[in-house]
Amino acid sequence: MRICSNLIRKYPFSCLFLAVIWILCFCTPPHTPLDNVTLIDKWVHIIMYAGTCTTIWIEYLRSHKTVDRARLFVWAWLAPVLMSGLIELLQAYCTGGRRSGDWLDFAANAIGVTLAAVIGILAVRSRARR
């Protein structure tokens, strides 16, 4: 319980965004005029994961004086990519056909996480120069 409260205290927005991703990934998406935009779903995935993981990097840098690159790799890149794969598998096998797992969604999520990592690495370098 202490670990959860510590995570929420240090990473409040990251925890909120991660919870929103889990909820949105299992809700039935409404139909909108944007459905006609080519690959709109993939762009949404890239933006969701890039925004969430950029927030993880920012909150990490705000909460820690020194940068542990291995920890950042695991929690700000690897864990979100694995979470994305798990969500796609759960969508494919546990939603009774309401949602479908899509490996292109997984790829879009990984692209978003990687973009956030690039932004995070640039932030770490900027912080080191100061």
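Just a few scattered comments:
- [x] 29, 17, 12; [y] 23, 19, 14; [z] 20, 17, 16, with the label sought being that of the calculated semi-axes √(5λ) of the Cα gyration tensor in Å: [x]
- Look at where the Cα atoms of region 61-130 and of region 1-42 average out, and the two centres are 12 Å apart.
- Per residue accessible area in Å² of the chain, where ligands, DNA and RNA are left out and the probe is 1.4 Å: 67 Å²
- Of all the options V37, V118, V20, the one that moves most in a Gaussian network model of the chain with Cα springs shorter than 10 angstrom is V37.
- Here the relative contact order of the chain, from alpha carbon pairs under 8 Å that lie six or more residues apart, stands at 34 percent.
- Rounded percent of accessible protein surface that carbon and sulfur make up, the chain, 1.4 Å probe: 71 percent
- Dipole orientation for region 1-129: of the candidates A70, L86, G96, A70 has the Cα lying most toward the positive pole (charges on Cβ; Lys, Arg +1; Asp, Glu -1).
The values are calculated or read from the model by the stated rules, or taken from the named source; none is laboratory data. Predicted model, so just to flag it, every value in this text is computed and none were measured. Every residue, glycine as well, gets a Cβ built from its backbone with ideal geometry; the counts of neighbours run over all protein chains shown. Only protein heavy atoms, including side chains, enter the accessible area calculation; ligands, DNA and RNA are left aside. Shrake-Rupley method; radii C 1.70, N 1.55, O 1.52, S 1.80 Å.
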